[in-house]
Amino acid sequence: MKKEIIDVPGISKHLKKEGIPLSAVVRAGEFVFVSGLPPVDRRTGKIPLVNVTQQTKMVLDNVKLCLETAGSSLDNVVKCTVYITNAAYFDEVNAVYRKYFKRNPPARVFCNVGSWPKKFDVEIDCIAIVR
């Protein structure tokens with residue numbers, strides 16, 4: 001099994017530009033690993049100041065792009081971790097999350113964190129299988 005770094009349009013470029021030492025997506029054999037993604041605007045590389053519902057949608061749109069670029073999909077996600085700055089956002093995040101994982105949702109951890117170096121409230125990573 002070999003490790004393959006997947007270049008994701010609009011995401012990988014901004015990570016490199018910021019000098020952040022990670023790959024947005026790594027494929028290894030039949031598995032795809034998507035790094036924790038904050039609500040980044042793929043066109044600008046900026047994190048907009050929007051509410052947690054909009055942030056969650058942006059994050060999951062980016063996760064979806066990462067998975068599809070690597071030859072997988074949201075339907076093939078086996079595990080997600082949702083990191084949140086305030087556990088009170090649980091219902092808001094779930095309202096959006098439910099729309100992306102309509103049938104047979106993956107295993108998941110919902111984890112409260114203190115803060116990040118930039119202003120945002122939600123980050124999601126996942127593991128999926130290749131189609």
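The values are calculated or read from the model by the stated rules, or taken from the named source; none is laboratory data. Computed from a predicted model, the values in this text were never measured in an experiment. Glycine gets a Cβ as well: all are built from the backbone with ideal geometry, and neighbour counts include every protein chain shown. Each accessible area value is taken on the protein alone, full model and side chains, heavy atoms only, with ligands, DNA and RNA left out. Shrake-Rupley method; radii C 1.70, N 1.55, O 1.52, S 1.80 Å.
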Restricting attention to the range 33-61, which residues are touching a residue at least 24 places away in the same chain (Cβ under 8 Å) and of a type in the set (A, V, I, L, M, F, W, C)? 33, 34, 37, 40, 47, 49, 52, 59, 60
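Is at least one residue of the range 79-90 open to solvent by less than 50 Å² (accessible area, probe 1.4 Å), farther than 20 Å from residue 119 by Cβ and out of contact with any helix residue (DSSP H, G or I) (no Cβ under 9 Å at 6 or more places or on another chain)?
Narrowing the range 79-90 to residues open to solvent by less than 50 Å² (accessible area, probe 1.4 Å): 80-82, 84-85.
Filter once more, keeping what is farther than 20 Å from residue 119 by Cβ: 80-81.
Of the ones still in play, those that are also out of contact with any helix residue (DSSP H, G or I) (no Cβ under 9 Å at 6 or more places or on another chain) are 81.
Scanning the range 79-90, I find at least one residue that is open to solvent by less than 50 Å² (accessible area, probe 1.4 Å), farther than 20 Å from residue 119 by Cβ and out of contact with any helix residue (DSSP H, G or I) (no Cβ under 9 Å at 6 or more places or on another chain), so the answer is yes.
So which residues in the range 10-26 are part of a loop (DSSP other than H, G, I, E, B), free of Cβ contacts under 8 Å to residues at least 12 places away in the same chain and out of contact with any His (no Cβ under 9 Å at 6 or more places or on another chain), if there are any at all?
Across the range 10-26, the qualifying residues are 19, 21.
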Residue 46 fails exactly one of (1) open to solvent by 20 Å² or more (accessible area, probe 1.4 Å); (2) of a type outside the set (Ser, Thr, Tyr); (3) touching a Phe, Trp or Tyr at 6+ places or on another chain (Cβ under 9 Å), namely (3)
Yes or no: residue 64 closer than 26 Å to residue 43 by Cβ, open to solvent by 30 Å² or more (accessible area, probe 1.4 Å) and without any contact (Cβ under 8 Å) to a residue 60 or more places away in the chain? yes
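Can we say residue 69 is more than 16 Å from residue 38 (Cβ to Cβ), β-branched (Val, Ile, Thr) and in contact with an Asp or Glu (Cβ under 9 Å, 6 or more places away or on another chain)? Before the answer, list the steps.
Details: more than 16 Å from residue 38 (Cβ to Cβ): yes; β-branched (Val, Ile, Thr): yes; in contact with an Asp or Glu (Cβ under 9 Å, 6 or more places away or on another chain): yes.
Yes, satisfied.
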Hey, does the range 76-83 have a residue that's in contact with a strand residue (DSSP E or B) (Cβ under 6 Å, 6 or more places away or on another chain) and among the charged types (D, E, K, R)? yes
